[in-house]
Amino acid sequence: MRLNVTVNGRKLHADDVWEGESLLYVLRERLGLPGSKNACEQGECGSCTVYLDGVSVCACLVAAGQAEGREVRTVEGLADGEKLDEVQQAFVEAGAVQCGFCTPGLLVAAHDLIERTARPSDAEIREALAGNLCRCTGYEKIMDAVRLAASRKAEARAEVPR
Ligand code: FES
Ligand code: FES
């Protein structure tokens, strides 16, 4: 089948897609977007987290056919050109960048949280990141980064005239 999907604002298509292959495979292997990582392929680790029509999902659990005609935003679509998103900037500043497997999913999950929740509590941050696994960290710097990004985002929102 031909899959038509909008990714990071660009209308793209991929040919010869098997409906049962995953959206993650399509993104990485057919559309040249390797930011979303393939660490477990079982919905367990969160390294493949993307937005699908604005809702964060594990791309490894979405069949390609389910993405037909829909909008996907990947970790590559968080930055505005060279300008990092607040979450990305905060991860850099807080020293929260872990390896290339877990970090992309953590960024998308954290981005999703602070879009939905202006000033998340620590419990809300932990819950939002509970599906993003890294065995190499105590998550403290990641918590710092999310707090920093959330407070900056809340301040930026407060400055926007109503
Ligand atoms: S690769 Fe999708 S959740 Fe692990
Ligand atoms: S899985 Fe990425 S640093 Fe632990």
Please list, or write none, the lysines whose alpha carbon is within less than 30 Å of the alpha carbon of K141, excluding same-chain residues fewer than 8 places away. K37, K83, K153
Cα-based Rg / Dmax (Å) for the stretch 3-77: 10.7, 29
Average projected area [Cα convex hull, the chain], square nanometres: 9.7
For the stretch 75-162, what is the largest minus smallest coordinate of the Cα atoms on each principal axis, given in angstrom and ordered from greatest to least? 43, 31, 19
Could you check the spin-label model distance between E21 and R70? Points 7 Å from the Cα along Cα→Cβ, value in nm. 1.8
Order these peptides, 144-150, 95-101, by their mean beta-carbon neighbour count within 10 angstrom, highest first. 144-150, 95-101
Note down the Stokes-Einstein diffusion coefficient of the stretch 79-118 in µm²/s, whole number, using a Kirkwood radius over alpha carbon pairs, 37 °C, and 0.692 mPa s. 312
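All other residues with a Cβ under 11 Å from the Cβ of C60 taken together, and with Lys, Arg as +1 and Asp, Glu as -1, what is their net charge? Kindly include the intermediate steps, with their values, before the conclusion.
Values: positive: R28, K37; negative: E21, E41, E44.
Once positives and negatives cancel, what remains is -1.
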How much length, in nm to one decimal, is gained on full extension between R119 and E93, taken as 0.36 nm per residue of separation minus their Cα-Cα distance? 7.5 nm
Axial C-alpha extent at least 18 Å, average Kyte-Doolittle at least 0.0 - helices from the chain (DSSP): 102-116
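Just so you know, all these numbers are worked out from the coordinates, no wet-lab data involved. Not measured: the values here are computed from a predicted model. Counting neighbours? That spans all protein chains shown, and the Cβs are built from the backbone with ideal geometry, glycine included.
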